[in-house]
Amino acid sequence: MDIGSSELYLAVFREYPDVMDVKQASSLLGVSTKTVYKIIAGGSLSALKVGREFRIPKLNVIRYLKVFETGNELSSKS
């Protein structure tokens with residue numbers, strides 16, 4: 001079943017803020033915060049550094065999941 005970004009947003013991401021911190025992103029992805037930091041450092045998930053903390057737009061998480069789902073991980077292009 002092919003689900004579009006808008007349906008995915010409404011079904012899964014509605015309860016999360018438009019800009020998340022690492023803890024919220026880890027909860028949404030179902031991984032540890034350490035894993036989220038590794039994904040950011042690897043360049044697969046774009047995040048903004050605000051002071052000492054990262055802020056991750058929800059749209060970037062959706063993009064990361066779509067890339068990961070298709071098997072075209074950004075890190076594999078290197």
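Remarks
- Residue check for residue 49: part of a helix (DSSP H, G or I) and either modelled with pLDDT of 90 or more or of a type in the set (Gly, Ala, Ser) (or both): no
- Restricting the first member to the stretch 17-44 and to residues that are over 13 Å from residue 58 (Cβ atoms), and the second to residues that are among the basic types (Lys, Arg) and at pLDDT 95 or above, the beta-carbon pairs closer than 8 Å and six or more apart or on different chains are 33/23.
- Positions within the stretch 52-66 being loosely packed, with under 14 Cβ neighbours inside 10 Å and modelled with pLDDT of 95 or more, in sequence order: 52, 53
- Filter result (at pLDDT below 95 and surrounded by 14 or more Cβ atoms within 10 Å (Cβ to Cβ)) within the stretch 28-43: 28, 29
The values are calculated or read from the model by the stated rules, or taken from the named source; none is laboratory data. The structure presented is a predicted model; accordingly, all values stated were derived computationally and were not measured. Because the Cβ atoms are built from the backbone with ideal geometry, glycine has one as well, and the counts that use them run over all protein chains shown.
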